[in-house]
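As structure tokens, the structure follows; a few thoughts come after it.
The values are calculated or read from the model by the stated rules, or taken from the named source; none is laboratory data. As the structure is a prediction and not an experimental result, all values here were calculated from the model. Here the Cβ is made from the backbone with ideal geometry for all residues, glycine too, and neighbour counts use every protein chain on show.
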Amino acid sequence: MDEGKYQQGWLAVGLPPAPVLAVTGIVTFFLYLSWQMDEFEEQLRHRTQAGFWVLMVLGLLALGVLAQHVLFDGEGRVAVPAAWRGQPEGGSGTSPWGVAALVALLLVLVSHRLSLLLNLAIGA
């Protein structure tokens with residue numbers, strides 16, 4: 001028998017043609033790239049949420065410091081403007097534009113909170 005022919009085994013087959021290797025390499029590269037993009041999107045989502053909470057806490061702290069500065073005088077008493085102490089009975093003392101701005105701000109904050117809650121519910 002001719003045993004030399006059977007002793008070569010898989011080495012006799014050789015490499016696939018160059019176009020097959022190129023297509024396999026390209027497909028493998030794109031699969032790897034899509035996996036990396038999924039990981040990147042997950043990290044980006046996590047970091048964005050962490051940054052949002054940091055900014056929320058910093059905003060609340062700034063609001064607290066501002067309220068402390070505005071509402072209390074140097075001796076720790078509640079600061080009441082002189083116009084409020086001697087105000088006549090008929091007037092309310094607030095500007096309608098100020099009330100409208102406050103209502104608009106509250107509506108914007110509520111809409112952003114609702115969209116955040118919806119995004120968290122959908123993403124979870």
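Do we have Gln43 as assigned to a helix (DSSP H, G or I) and either of a type in the set (Asp, Glu) or more than 21 Å from His112 (Cβ to Cβ) (or both) here? Judged against the criteria, Gln43 is a match.
Each residue in the stretch 89-124 was checked for being modelled with pLDDT under 80 and more than 17 Å from the chain's Cα centre (by Cα), and 7 pass.
The residue pairs whose first member lies in the stretch 88-103 and is surrounded by fewer than 10 Cβ atoms within 10 Å (Cβ to Cβ), whose second member is in a loop (DSSP other than H, G, I, E, B) and at pLDDT below 80, and whose beta carbons are closer than 7 Å, counting only pairs six or more residues apart or on different chains, are Gly93/Gln87.
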